[in-house]
Amino acid sequence: MSTHTALPLRIAMTTLGCKVNQYDTATIEDRLKAEGHECVPFAEMADVYIVNSCTVTNQADAESRQLARRAKRQNPSARVIMTGCYAQVNPKAVAKVPEIDYVIGLNRLDDIVRAVKNEVAVERISVSNLRKEGETPRVDTLGALTFSGQTRAFLKIQEGCDLFCTFCIVPMSRGKSRSVPPRVVLEQLDRLAEQGFQEIVLTGIHLGGYGEDLDPAVSLTWLLEAIEERRPVPRIRVSSLDPHEISDELIHLLAQAETLCPHLHIPLQAGEDTTLTRMRRRYDTALARDVLLKLREALPHAALGTDLIVGFPGESDEAFARTFTFLEESPLTYFHVFPYSVRSGTTAAKFADKVPQPVIDARSRAIRKLGEQKKAAFARTFVGQPLPVLFEHTRDKNSGLLKGYGRNYVRVMATGDDTYMNREVAVTVTRTSGETAWGEIERVKSEE
Ligand code: SF4
């Protein structure tokens, strides 16, 4: 019979996966701190360990289990809670791990709080169906205000996805697509601004689907216009958008905007039509090329990034060559490269004609090399130019210099005292190496 544990408790959390998972962790930590508990680093002794798991690959499942085992080894009398996407998608498998005391799915913040206190009412497994017919679950895990050690804050404005790309397990884990009402988004932005954040990253699982489920329905562009008008903080960054969700109105807004950063991450996944069709993506290379060129024309200095799955089943040498050429000719400035790995429970897991691993590795190396060349070339275009840089709270470990990002996501280092931390200042770039730029802070009159 579990006994209710006295306060305060030392809680250690660790997070795998995407920005939305990191946002959920920050929300859970804030709630537990508000309940009087103390949050400590995962490597330290704690009374309760919480693993916010990811399930995007079978490898991510394994890493989530390893973290739970490590926690129990660190303190055998501690309680170990597994939450996040792996707990949501496969609770029975997670519950088979003896080191795990509670398996709590997504959207169950109150259950996590009760399990931390070891209240009798909490089941060992508590997971709700986030894809129930006729029901759209609320976005429950919301309200993070402190992102310990981070200069940028995240704000989750959308959850879930209904697109079911063939390689992706996320719709099964995060549930139906649903949006945080605009009024709540604006409130959360104001509260984060009050915390002193200069930059907020708007994130979601399928951001392009924002507002479709609301009554009345609204679009992401409509929300961004409202945010641009209000300017709660100097910098707003939009995380990921699929190419078919980037309208001319949105491009026009980004080109005029003062708060919205000139940076878009556009997960193309491939640059070749037969592969895109097998992935069940909602666009072809003609549309993607058109959107990228329109973006580059309207935003000459914007960072345009992408995610790429390399070695998807059925990707022939010719198909890969077409993807490579598409990327080479594109105005993209950086790539996140994911060698394909089978994710059980997805449609693609059943696809025949798997690409041999050595071929996947060779193709991934080639794409990564191209990505690095593009990133370095992009950074070089700013030599001699002033860039508005938000310097972080911590310095570069090796050089001791201030470090930060331009609005267009160029990494910048400079000499300066701590008063520049968490401030956006103009930096004239003097040199670059790879993706990193070095520069001099433009001193304003009052600072001379
Ligand atoms: S859009 Fe596709 S890749 Fe993205 S979360 Fe949804 S199903 Fe997964």
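The values are calculated or read from the model by the stated rules, or taken from the named source; none is laboratory data. Since this is a predicted model, take the numbers as computed values, not measurements. Please note: Cβ atoms are built from the backbone with ideal geometry, for glycine as well, and neighbour counts cover all protein chains shown. All accessible areas refer to the heavy atoms of the entire protein, side chains included, with ligands and DNA or RNA removed. Shrake-Rupley method; radii C 1.70, N 1.55, O 1.52, S 1.80 Å.
Which one is nearest to the ligand (Cβ to nearest atom) among residues in region 165-183 that are open to solvent by less than 40 Å² (accessible area, probe 1.4 Å) and farther than 21 Å from Ala87 by Cβ?
Within region 165-183, the subset open to solvent by less than 40 Å² (accessible area, probe 1.4 Å) is 165-171, 173-180, 182.
Filter again for farther than 21 Å from Ala87 by Cβ, leaving 165-167, 179-180, 182.
Numbers: Cys165: 3, Thr166: 9, Phe167: 7, Ser179: 15, Val180: 17, Pro182: 22 Å.
That would be Cys165.
Against the definition (within 16 Å of the ligand (Cβ to nearest atom), not acidic (Asp, Glu) and not assigned by TED's automatic domain parsing to the domain that holds Ser330), how does Leu308 come out, yes or no? Don't jump to the end; show me each part of the working.
Working: within 16 Å of the ligand (Cβ to nearest atom): yes; not acidic (Asp, Glu): yes; not assigned by TED's automatic domain parsing to the domain that holds Ser330: no.
So Leu308 fails the test.
Can you name every residue in region 140-164 that is open to solvent by 20 Å² or more (accessible area, probe 1.4 Å) and within 16 Å of the ligand (Cβ to nearest atom)?
Scanning region 140-164 gives Asp162, Leu163, Phe164.
Please list, ordered by residue number, the strands (runs of 3 or more DSSP E) wholly in region 354-448 having 3 or more residues that are in contact (Cβ under 8 Å) with a residue 24 or more places away in the chain and open to solvent by 20 Å² or more (accessible area, probe 1.4 Å).
Details: elements: 386-395, 402-406, 411-414, 424-433, 436-441.
Once the strands (runs of 3 or more DSSP E) in region 354-448 are filtered for at least 3 residues that are in contact (Cβ under 8 Å) with a residue 24 or more places away in the chain and open to solvent by 20 Å² or more (accessible area, probe 1.4 Å), what remains is 386-395, 424-433, 436-441.
Out of (1) touching a residue at least 60 places away in the same chain (Cβ under 8 Å); (2) of a type outside the set (D, E, K, R); (3) under 16 Å from Glu29 (Cβ atoms), what's the single condition that is false for Ile104?
(1)
Consider region 35-56. How many of its residues are open to solvent by 20 Å² or more (accessible area, probe 1.4 Å) and over 25 Å from the mean Cα position of the chain (by Cα)?
6
Filter region 119-176 down to the residues that are among the aliphatic types (A, V, I, L, M), within 18 Å of the chain's Cα centre (by Cα) and part of a strand (DSSP E or B) and list them by number.
If the condition is that a residue be among the aliphatic types (A, V, I, L, M), within 18 Å of the chain's Cα centre (by Cα) and part of a strand (DSSP E or B), then Ala153, Leu155 are the ones that fit.
Among the residues of region 334-353, which ones are in a helix (DSSP H, G or I) and in contact (Cβ under 8 Å) with a residue 24 or more places away in the chain? Show your work before the answer.
So in region 334-353, the residues in a helix (DSSP H, G or I) come out as 347-350.
Across region 334-353, the qualifying residues are Thr347, Ala348.
May I ask you to say which residue of Thr333, Thr323 is polar (S, T, N, Q) and within 30 Å of Arg231 (Cβ to Cβ)? Please lay out each step first, then the result.
Details: Thr323 fails: within 30 Å of Arg231 (Cβ to Cβ).
The conditions single out Thr333.
With respect to Ala95, is the statement that it is without any contact (Cβ under 8 Å) to a residue 60 or more places away in the chain and away from the ligand (no atom under 16 Å from the Cβ) true?
Details: without any contact (Cβ under 8 Å) to a residue 60 or more places away in the chain: yes; away from the ligand (no atom under 16 Å from the Cβ): yes.
Considered against the rule, which asks whether it is without any contact (Cβ under 8 Å) to a residue 60 or more places away in the chain and away from the ligand (no atom under 16 Å from the Cβ), Ala95 comes out as yes.
Mind checking which residues of region 57-90 are among the β-branched types (Val, Ile, Thr) and at pLDDT below 95?
Initially, region 57-90 is screened for residues among the β-branched types (Val, Ile, Thr), giving 57, 80-81, 83, 89.
Answer for region 57-90, where residues must be among the β-branched types (Val, Ile, Thr) and at pLDDT below 95: just Thr57.
Could you please find all residues in region 114-127 being out of contact with any helix residue (DSSP H, G or I) (no Cβ under 6 Å at 6 or more places or on another chain) and surrounded by 16 or more Cβ atoms within 10 Å (Cβ to Cβ)?
If the condition is that a residue be out of contact with any helix residue (DSSP H, G or I) (no Cβ under 6 Å at 6 or more places or on another chain) and surrounded by 16 or more Cβ atoms within 10 Å (Cβ to Cβ), then Arg114, Ala115, Val116, Lys117, Asn118 are the ones that fit.
When region 87-101 is examined, which residues are found to be open to solvent by less than 30 Å² (accessible area, probe 1.4 Å) and either assigned to a loop (DSSP other than H, G, I, E, B) or outside the structural domain of Asn52 (by TED's automatic domain parsing) (or both)?
Matches in region 87-101: Val97, Ile100.
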